[in-house]
Amino acid sequence: MSTSSPQALKKSTANTLPLLFEIGVEEIPSNVLPDALKQLPQIAEKYFTAAGLSFSELEVYGTPRRLILYCPELSVSQETKEEVIIGPPKRAAFDAAGNATRAAEGFAKSQNTLLSEIKIENAAALGAAAKGKKGEYLVLRKTKTGEKTATLLEKILPEIIASLSFPRTMRWNETAVVFIRPIRSILALYGSNVVPFSFAGVASADRAQGHHMMSPDFFSVTDFEHYQEELSGRFVMIDPEERVRVIQSQMEALGKEKQAVLDFSDRALFEKAAFTVEYPKAICGNFEDDFLSIPKEIIITAMAEHQGYFPLRREDGELLPHFITILNIAPEDCALIQKGNERVLCARLCDARFYFDQDRLHPLSARLEDLKKVMFQEKLGSVFEKVERIKALSLFIAKKLKWDASDISDLERAAHLCKSDLVTGIVKEFTSLQGTMGCVYAALEGEDPSVSKAIEEHYLPRYAGDKLPLSRIGQILAIADKLDTIVGCFGIGLIPTGSEDPYALRRQGLGIIQILVEDAYFYDFSLGDIIKKAIQHYESHDAFYVSDLSELISSFFKLRIDFYLQHSRNIRYDLRQAVLARKLNKPRIMVECAEALSLFSKQAVFSSLITVYKRVARILPTGFKGEVDETVLIQASEKALYSKYVAVHKATVSLSAKQSYSEVLAQLATLNDPLNQFFDDVMVMDKDEKVRQNRLSLLYAVSGPFKTFGNFSKIVEGEVAS
């Protein structure tokens with residue numbers, strides 16, 4: 001699998017050799033391995049580039065027991081470069097008789113060379129090296145031969161290993177080196193030669209190990225093709241994508257035998273299986289039909305999340321009493337292993353059935369008091385108190401949206417019950433089922449479907465790329481729950497910094513933005529008003545008081561909108577900043593404005609308009625305000641500009657009210673020619689103060705329609721900002 005980005009590829013020279021690099025380790029956890037494989041080529045690319053080496057596309061492979069980097073073409077040395085050293089001017093280097101002065105001799109001595117090796121050259125022929133110099137100078141040209149790559153790799157490869165980062169690391173020998181798991185072998189071949197170095201007490205070599213159980217012997221490696229062939233014959237598939245394909249093919253065959261429908265949409269489960277094994281072998285196991293009386297959500301979680309098993313379904317979506325598991329060995333008889341897996345799952349399902357039966361003895365509404373014993377956050381109180389805040393904020397939002405009494409009643413009920421499943425046995429055992437079990441139990445207890453659905457949906461989205469809540473009650477609950485957490489954490493100083501975000505506030509903030517932006521229902525939704533209300537709920541109970549908290553949280557949400565515009569809408573940086581300069585209020589409008597501006601930036605008039613607007617912005621004194629007096633307009637071009645402004649102002653007000661932002665920009669574009677003509681014909685800073693003030697007032701008026709859209713001064717005209 002190739003992972004170098006096209007932007008980062010370096011053109012390979014003809015004089016190259018392949019590099020094969022494998023870090024052999026003990027079992028890397030499946031949740032850590034994907035990120036390690038992402039880091040590896042990025043780090044290698046950084047070091048190769050810094051060393052001045054040319055290289056082809058980097059390929060990365062990996063299994064739980066090896067991280068592999070392969071570069072088909074890596075230049076054999078750094079490029080030979082010519083260094084241009086400029087000495088004193090010719091007039092200072094030689095006297096009238098043409099004899100070398102002390103300046104010339106000193107320059108030669110400082111460069112450890114003879115005067116005869118130094119030339120006189122015109123600075124105009126030296127390009128960038130001249131650094132603005134003019135005339136003739138003493139110039140010494142030195143050829144710097146590049147260092148051999150084989151030598152450079154002796155330092156680069158151990159640095160690549162050391163640069164890999166992991167959430168947790170360990171030490172295992174006297175070297176005190178830290179890594180995700182103990183390093184047991186290092187394969188480092190450049191061409192046909194070993195790159196000699198040692199890391200964590202392990203010396204590099206030209207050998208690798210087969211499957212640690214089915215073919216544990218080491219073998220000599222000559223090149224990448226030989227390496228692949230040997231590992232394939234020794235029960236190792238180095239490509240995770242190949243392992244996924246093999247797993248899927250094997251599962252399809254087993255599913256056909258059981259007349260089952262397979263769901264391949266859970267990519268995470270496939271990747272977990274692929275990153276857990278080197279040589280996948282799918283087998284099918286069974287469990288008792290009686291367990292099917294347990295809600296399928298529990299069974300699936302017990303299988304997939306805790307054991308890595310794949311459930312099998314009937315065509316109607318209901319579960320079959322079978323499962324598939326992926327082994328890391330390929331025994332001739334799998335019966336014993338199958339029975340072992342069945343026993344493990346049976347034990348898990350027995351526990352689940354017990355907890356489920358016990359949970360059904362107490363309805364969700366009877367569990368509210370228990371939430372007083374569950375701490376949400378030490379300084380922010382219990383989950384019970386959080387539920388009360390969620391309820392109050394949800395009702396405030398619903399009333400702002402003018403909901404009817406019936407819907408408000410269902411919302412209040414959903415808010416009342418939304419966290420009650422946290423104290424159930426099933427959720428304590430399977431924490432990922434919070435919300436899901438609340439929905440299941442609410443439905444079993446006869447709650448309105450809109451209530452039970454909202455209890456599950458209010459946790460959405462749980463992670464990047466997750467689905468969003470679809471029901472109105474679920475959306476409002478999700479917004480209220482997430483915003484309560486954000487406001488509370490900001491209020492006590494738990495603000496995300498760098499990589500530290502223990503309460504996942506960035507993810508929750510982005511979730512709110514996605515809900516508000518991706519459903520037109522929230523077009524006119526004022527996030528600023530809801531932030532202030534959430535703050536009031538905390539302040540009314542003396543939880544905290546921070547004078548600028550509203551502004552602080554608004555800035556946080558602007559960053560979340562910026563992230564959304566970049567990653568979901570691919571809007572370039574300067575255009576995002578132009579729109580985000582507005583006051584935070586209605587996120588969907590801000591996103592639509594940014595998209596309209598992005599399309600507008602591709603039009604021919606864009607660069608000229610931005611340039612002339614910036615001229616307007618620069619000439620206006622800070623804080624200037626004024627009204628145009630038509631009687632003081634003298635020249636034809638300023639009269640024409642004012643006339644065009646009046647028409648544009650009227651049109652943009654009407655178009656903004658209709659949310660026609662592309663048409664608003666089209667109207668602003670009509671100011672381009674009148675503005676440029678104005679600056680060609682008119683002296684703004686006229687000697688007559690009254691004329692000068694009126695012309696500044698005209699420019700102030702013209703800038704108005706731009707400012708309502710964003711801060712156009714932040715836009716890079718004539719360039720493509722990343």
| field | Count of the stretch 104-124 residues which are surrounded by fewer than 16 Cβ atoms within 10 Å (Cβ to Cβ) and either under 17 Å from T143 (Cβ atoms) or over 53 Å from the mean Cα position of the chain (by Cα) (or both) | value | 12
| note | Exactly one of L417, L433, L527 is touching a Pro at 6+ places or on another chain (Cβ under 8 Å) and not assigned by TED's automatic domain parsing to the domain that holds T301, and that residue is L527
| field | Verdict on K583 being outside the structural domain of D673 (by TED's automatic domain parsing) and not in a helix (DSSP H, G or I) | value | yes
| query | Are any residues in the stretch 376-411 of a type in the set (D, E, K, R) and over 25 Å from Y523 (Cβ atoms), and if so, which ones? | reply | E378, K379, E385, K386, E388, R389, K391
| Which of (1) in contact with a Ser or Thr (Cβ under 7 Å, 6 or more places away or on another chain); (2) closer than 15 Å to I589 by Cβ; (3) at pLDDT 95 or above does A480 not meet, given it meets every other one? | (2)
| message | Of all residues being free of Cβ contacts under 8 Å to residues at least 40 places away in the same chain and more than 17 Å from S526 (Cα to Cα) in the stretch 546-558, which is surrounded by the most Cβ atoms within 10 Å (Cβ to Cβ)? Just the residue, please. | response | D548
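So that you can scan it fast, the table gives a plain yes or no per residue for (1) in contact (Cβ under 8 Å) with a residue 40 or more places away in the chain; (2) of a type outside the set (G, A, S); (3) in the same structural domain as S568 (by TED's automatic domain parsing):
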{"site": "H458", "(1), (2), (3)": "yes, yes, yes"}
{"site": "K467", "(1), (2), (3)": "no, yes, yes"}
{"site": "S471", "(1), (2), (3)": "no, no, yes"}
{"site": "F490", "(1), (2), (3)": "yes, yes, yes"}
{"site": "S499", "(1), (2), (3)": "no, no, yes"}
{"site": "I512", "(1), (2), (3)": "yes, yes, yes"}
{"site": "E518", "(1), (2), (3)": "yes, yes, yes"}
| Do we find a residue being more than 19 Å from Y70 (Cβ to Cβ) and surrounded by fewer than 17 Cβ atoms within 10 Å (Cβ to Cβ) anywhere in the stretch 228-245? | yes
| request: For the stretch 656-664, indicate whether the set of residues that are surrounded by 15 or more Cβ atoms within 10 Å (Cβ to Cβ), of a type in the set (S, T, Y) and without any contact (Cβ under 8 Å) to a residue 12 or more places away in the chain is non-empty. | output: yes
| field | Meets criteria (surrounded by fewer than 17 Cβ atoms within 10 Å (Cβ to Cβ), modelled with pLDDT of 95 or more and over 20 Å from D357 (Cα atoms)) for S471 | value | no
| said: K155 - would you say it is more than 30 Å from I180 (Cβ to Cβ) and basic (K, R)? | reply: no
| query | Given the residues K614, K583, which is the only one that is touching a Gly at 6+ places or on another chain (Cβ under 8 Å), surrounded by fewer than 20 Cβ atoms within 10 Å (Cβ to Cβ) and within 24 Å of V702 (Cβ to Cβ)? | reply | K583
| message | Among the residues that make up the stretch 172-179, is at least one of them touching an Asp or Glu at 6+ places or on another chain (Cβ under 6 Å) and assigned by TED's automatic domain parsing to the domain that holds Q42? | response | no
| the stretch 416-434 - residue that is of a type in the set (G, A, S) and surrounded by fewer than 22 Cβ atoms within 10 Å (Cβ to Cβ) and, of those, modelled with the highest pLDDT | G425
| request: Inspect the stretch 249-268 for any residue being closer than 19 Å to R65 by Cβ and in contact with a Phe, Trp or Tyr (Cβ under 8 Å, 6 or more places away or on another chain) and give the result as yes or no. | output: no
| query | What's the number of the condition M375 fails, among (1) touching a Ser or Thr at 6+ places or on another chain (Cβ under 8 Å); (2) surrounded by 15 or more Cβ atoms within 10 Å (Cβ to Cβ)? | reply | (2)
| Pick from the stretch 400-415 the residues that are surrounded by fewer than 19 Cβ atoms within 10 Å (Cβ to Cβ) and within 19 Å of K482 (Cα to Cα): which of them is modelled with the highest pLDDT? | E412
| query | Residues that are under 30 Å from the mean Cα position of the chain (by Cα) and closer than 28 Å to L37 by Cβ: which strands (runs of 3 or more DSSP E) entirely in the stretch 261-342 hold 1 or more of them? | reply | 310-313
| message | Only one of L559, L552, L565, L510 is over 25 Å from K467 (Cα atoms), of a type in the set (A, V, I, L, M) and either assigned to a helix (DSSP H, G or I) or in contact with a Pro (Cβ under 8 Å, 6 or more places away or on another chain) (or both). Can you tell me which? | response | L552
| message | Just to be sure I understand, how many residues within the stretch 519-542 are of a type outside the set (S, T, Y), more than 14 Å from I476 (Cα to Cα) and not in a helix (DSSP H, G or I)? | response | 3
| request: Give just the number: which of (1) outside the structural domain of S697 (by TED's automatic domain parsing); (2) surrounded by 15 or more Cβ atoms within 10 Å (Cβ to Cβ); (3) of a type outside the set (D, E); (4) in contact (Cβ under 8 Å) with a residue 24 or more places away in the chain does R576 not satisfy? | output: (4)
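A quick yes/no check of all residues on (1) surrounded by 20 or more Cβ atoms within 10 Å (Cβ to Cβ); (2) not aliphatic (A, V, I, L, M):
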position	(1), (2)
M437	yes, no
V440	yes, no
L444	no, no
S450	no, yes
L477	yes, no
L483	yes, no
G493	no, yes
E500	no, yes
| query | Which of the following residues is in the same structural domain as Q39 (by TED's automatic domain parsing), surrounded by 13 or more Cβ atoms within 10 Å (Cβ to Cβ) and of a type in the set (G, A, S): S198, S204, S165? | reply | S204
| field | Unique residue being more than 23 Å from A596 (Cα to Cα) and of a type in the set (S, T, Y) when the list is S660, S637, S656 | value | S637
| Considering the stretch 612-638 alone, what residues qualify as being under 17 Å from S713 (Cβ atoms), in a helix (DSSP H, G or I) and touching a residue at least 24 places away in the same chain (Cβ under 8 Å)? | V612, Y613, K614, R615, V616, A617, I619
| query | Out of L609, L641, L599, which single residue is surrounded by fewer than 18 Cβ atoms within 10 Å (Cβ to Cβ) and part of a helix (DSSP H, G or I)? | reply | L599
| query | more than 21 Å from M251 (Cβ to Cβ), in the same structural domain as V261 (by TED's automatic domain parsing), outside any loop (DSSP other than H, G, I, E, B) and in contact with a Gly (Cβ under 9 Å, 6 or more places away or on another chain): does that describe F354? | reply | yes
| field | Lone qualifier among I535, I531 - being of a type in the set (A, V, I, L, M), within 25 Å of V383 (Cβ to Cβ) and in contact with a Gly (Cβ under 8 Å, 6 or more places away or on another chain) | value | I535
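The values are calculated or read from the model by the stated rules, or taken from the named source; none is laboratory data. Treat the numbers as computed from the prediction; the structure is a model and nothing was measured. For neighbour counting, all protein chains shown are included, and Cβ atoms are generated from backbone atoms with ideal geometry for every residue, glycine included.
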